[in-house]
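Asker: Before we start, here is the structure in question, set down as structure tokens.
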Amino acid sequence: MGHDTPDLLPGTLDLLILRSLRAGAMHGYGLAQQIRVHSDEGLQVGGSSLYPALQRLLLNGWVKAEWGTSENNRKARFYTLTAAGKKRLASEVEEFDRIILAIHKVLRAT
Amino acid sequence: MRLLRRLWFVITRRQQDDDLAAELEFHRQMKADELRASGQREPDARVAAQRALGNDVLARERSREVWIWPWLQDITQDVKFGARMLARDRRFTFAAVIALGLGIGINNSVFTIMNTALLRELPFEDAHRLVEARIVDARGREGQVSYADFLDWSASATSFEGLMADVGTTMNVSGGNGSAERFRGAYVTANTFRLLRVAPFLGRDFVADDDRPGAPAVIMLAYDAWQSRYGGEPSIVGQTIRVNSETATVIGVMPRGVTYPAVAQMWRPLSSATNLNRTERAARTVGVSGRLAPGVSMARAQADLDAIAAQIAQAHPAANKELRVRVMSLHESYSPGDVAWRVLGTLMGAVTFVLLIACANVASLLLARSTHRSREMAIRSSLGASRWRIIRQLLIECLLVSVLAAAVGLSLSRFLASIMSNAFNIFDAGAPGSVVRPFWADISVDTLTLTFLGALCLFASIAVGLVPSWHLSRTNANDVLKDGGRGGGATRRARRMSGVLLVGQLALTVILLGSAGLMVRAYVEAQYADLVLDTRGVVTMRIVLPVPKYAAVERQRQFIAELDQRLTAVPSFSSATIGSDIPLHPLGFGGRSLTLDGRPWPTGEDAPEVQFTSVGPRYFETLGIAVVRGRAFTPFDGLRGQEGAIVNERFVAQYFAGADPIGQRIKMTGPAFTADQAPWMTVVGVAQGLPNFIVNNAAGTDAMVYLPIGADPAPQRALSIVVRAADAASGKAAAAAALRTEVGALDPDLPVFGIQTLEEAVATSRVPRRIFGSWFLTIAIAALILSTVGLYALTAHGVAQRSHEIGVRMALGARSQQVIWMFVRRTVVQLTSGLALGLAGLIALGRLLMAIVRDVRPGDPLTLTVVTLLLVSVALVASIWPARRAARVDPATVLRGD
């Protein structure tokens, strides 16, 4: 229940969301939960980062949104990956790995 | 794709907002559930959930920013806010829109005219592909082409879809219905209309066969000629008419508005041109135009013709050495030239001043308003609005006002432009210095005009917003909040800036008033000047002796002599004469180079030019020009070996320094004859000089030489006949009828045209001055009204603002005069600076005014004094009036109602 994890680049958050959506449709709250749980509480995404990120994904056509019913019968908006989104996920993961490796090399250099 | 999605978002904005709010609510509830499940109590759970969710507002804003560019959003907000503020402050908005609308409207009207007369493309299909080719001599003078050269060009040039040639001519149409009538016409090659892409709407176009030597004579009519002489009867096609003493068949009628090359009303094939020298390379009488082949640039066409011209020059060095070709767009060749640009340019300058004055007015209003809104601005700024944001808000309000003003201005400009263009019609009558309007010019609003309007709008809003923004940017929010916007640094600075603006307005007004005054003065002088000529009952008309009938000089002289005899015999004429040129007639044959006998004299290029008129007997007597020294002409003065000349007073002043010229010999040379053909003439008399505005100053000089027609080595075939009716009241029609009879008796095919009384000619010559005078006067009055209203508003506002201060002063014992003086003092200072700047500017610009109306004297003390007095009195009234209200302030009320 802390505040937003700082310094999370917008691109990275998009990546996390896309990845989380790979398993299936989810609503905003579910996404926040999932990210928190999978990162062992390491990443806490607040509303003011999550929802803008989702909008960005919508703008670029990587996800689409639909109103549906949640598990406890509340009206919720569900997001799903589009085909373009899947492609984007793949390329972004690749890119991200490459950068992390590079950063690692710099940090570990003697 | 993204753009479309953005668009979709903007359209469904409301829905999207609601959706997001619902989503956030859902998230909040889920979180609250989670917290409750892990043991949190009810109210805490909700609060904690909210905290976990984070800032709602931030979420929404950021989400929105993803879709809508934030700057666009801000600007939309500013626009909506600005519109609301303007709607609330109706008086300000109304005043600003009217003032700016006036400025913009006037500017746009002048531009519309400029566009029509000077900028617009010709009305032919793909007009920008039409070009004209001219010969340029070693001295850079442009001229027409020889027919032989044209043939070579047509044969060898590859860059053109086709080349066409034209020769202007007079077409004297006679027979049929009515007496002989003169039309302007042209001989053109058969491909002309095809290249122009216009076709006759009756009958057929020329074909190549029509243009063969010896082909049956054909003629094409223009729409207006068809209407006026043939009553619009379609049956004229196929009939024959008598033109220039020949019979020709009418083959077609061109649609309305086509009078190419300039004012031609009839066309015949070039091969039927009787006077055309087809072989002599030095006879350059043909105008050559053409259409560029598709894909060919003008540069390539130029190179093409350059090469061909070079070849011709080699083959014919005597005639074509050192001659080049210049290819220009047809549009450029039609450009009416310097005079039009100067006139319209000056007008444009004048109306720009008015616009600036209007902008200054509105800027002052804004400054005044800003002191009212300074509190609001200060609060905004302390809430975090950046300075730039506040300034942008202001500029957007200015832009809104400008857009409204532009709408007002557009309607005003269409109205004004049509009035002004009617004035230009008068110039087609050929007053001196006339602006020749292309035949297709009509005033209408096109994209260029609208673009200009948009630019004006933008300019106005920036000009208006500049000073208030600067003022705003210097305003310290703290100070404003502290003293409640009542006095203090910001307000004082605003007032100072308004003062500076006012000085600028006053200066510009002085310039405009002064210019108008000078023009009016020139007009008045011309109106009441001594004409020298006795214009009562004098009627003038013109004839043109056409070739081939009058090609021989002897034949011309014979005709003139016979006509002269007949005219003297007419009882209703007390006097009659013939001359090549008469005062007030815009014929303008230019001048001839002068040589004086018995002195060292510059020759060639440096020889001075004088005007000349070849005259028949009794010229001076008929017109009423006094011969002040020596004598008038006798019949012997025209005889070979005894040629005599009469000069005017200005000539004497210029070349003889006032000494007696009688008996001296002079010689005049011109381009149409060689120096040996020019006779030495003995000066036999001195004629009175005519006032400036009467003489057609085509040669740029006032010195005039009169010579007998008999002594002229290259007599003019265009002549003017002047008759003085015995009964001054008899009128034009009677004289015209008599003249037609006499001319018709000598040559029935020869029409008489341009019938005018001398009084009418005088009136026409005054028209440009009158028109410019009235335009400038109107512009100046508009400027005066704007400035005065601005001054009044400024003072009134100052009074209202400083009422507190006034109350204090009066309570401390100040008398009403002192209070009034407090305000008027500022006005006096502003007036003085404005006058000084304005008068200096006026003198500097005086030269410019002289370029359009010759007799304007920029330093004229009478005009300057009148302008100063006018402005001072108006300004003082405008400031004393509201200041008097200051004196009526009741100190008690003001101090109490703080």
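The values are calculated or read from the model by the stated rules, or taken from the named source; none is laboratory data. Since the model is a prediction, treat every value here as computed from it, not as a measurement. We place every Cβ from the backbone using ideal geometry, glycine too, and count neighbours over all the protein chains shown.
Asker: Among the residues of the range B:44-59, write down those that are in contact with a helix residue (DSSP H, G or I) (Cβ under 8 Å, 6 or more places away or on another chain), charged (D, E, K, R) and at the interface with another protein chain (Cβ under 8 Å from one of its Cβ atoms).
Answerer: B:Asp56
Asker: Looking at (1) on the phi > 0 side of the Ramachandran plot; (2) crowded, with 20+ Cβ neighbours inside 10 Å, can you tell me which one B:Gly175 breaks?
Answerer: (2)
Asker: How about the range B:214-236: which of its residues are modelled with pLDDT under 90 and among the β-branched types (Val, Ile, Thr)?
Answerer: Of everything in the range B:214-236, just one residue is modelled with pLDDT under 90 and among the β-branched types (Val, Ile, Thr), namely B:Ile236.
Asker: Looking at B:Arg41, B:Arg2, B:Arg84, B:Arg14, which one is more than 14 Å from chain A (Cβ to nearest Cβ), exposed (fewer than 12 other Cβ atoms within 10 Å of the Cβ) and modelled with pLDDT under 85?
Answerer: On inspection, the qualifying residue turns out to be B:Arg41.
Asker: Let me ask something else about it. Does B:Ala52 meet the test of being surrounded by 14 or more Cβ atoms within 10 Å (Cβ to Cβ), at pLDDT below 85, closer than 30 Å to B:Ala783 by Cα and of a type outside the set (Lys, Arg)?
Answerer: When the stated conditions are applied, B:Ala52 does not pass them.
Asker: Quickly run through the range A:56-82 and pick out the residues that are at the interface with chain B (Cβ under 9 Å from one of its Cβ atoms) and either in contact with a His (Cβ under 9 Å, 6 or more places away or on another chain) or within 16 Å of B:Phe26 (Cβ to Cβ) (or both).
Answerer: A:Ala65, A:Trp67, A:Ser70, A:Asn72, A:Arg74, A:Lys75, A:Ala76, A:Arg77
Asker: Could you list, in sequence order, all residues of the range A:15-44 that are closer than 25 Å to B:Arg5 by Cβ and facing chain B (nearest Cβ under 9 Å)?
Answerer: Of everything in the range A:15-44, those that are closer than 25 Å to B:Arg5 by Cβ and facing chain B (nearest Cβ under 9 Å) turn out to be A:His27, A:Gly28, A:Tyr29, A:Gly30, A:Ala32.
Asker: Could you tell me which numbered condition B:Leu20 fails, if it satisfies all but one of (1) at the interface with chain A (Cβ under 10 Å from one of its Cβ atoms); (2) touching a Leu at 6+ places or on another chain (Cβ under 8 Å)?
Answerer: Only one criterion is unmet by B:Leu20, namely (2).
Asker: Here are some residues: B:Asp209, B:Asp152, B:Asp205. Which one is surrounded by fewer than 22 Cβ atoms within 10 Å (Cβ to Cβ) and part of a loop (DSSP other than H, G, I, E, B)?
Answerer: Checking each option against the conditions leaves just B:Asp205.
Asker: When both residues are 6+ apart or on different chains and their Cβ atoms are under 9 Å apart, which pairs have a first residue that lies in the range B:385-410 and is free of Cβ contacts under 8 Å to residues at least 24 places away in the same chain and surrounded by 19 or more Cβ atoms within 10 Å (Cβ to Cβ), and a second that is hydroxyl-bearing (Ser, Thr, Tyr) and part of a helix (DSSP H, G or I)?
Answerer: none
Asker: Now for a separate question. Across the range B:23-34, which residue is nearest to A:Arg77 (Cα to Cα) among those that are in contact with a helix residue (DSSP H, G or I) (Cβ under 6 Å, 6 or more places away or on another chain) and more than 8 Å from chain A (Cβ to nearest Cβ)?
Answerer: B:Arg28
Asker: Still on this structure: Going through the range A:80-90 one residue at a time, which ones are without any contact (Cβ under 8 Å) to a residue 60 or more places away in the chain and surrounded by 10 or more Cβ atoms within 10 Å (Cβ to Cβ)?
Answerer: If the condition is that a residue be without any contact (Cβ under 8 Å) to a residue 60 or more places away in the chain and surrounded by 10 or more Cβ atoms within 10 Å (Cβ to Cβ), then A:Thr80, A:Thr82, A:Ala84, A:Lys87, A:Ala90 are the ones that fit.
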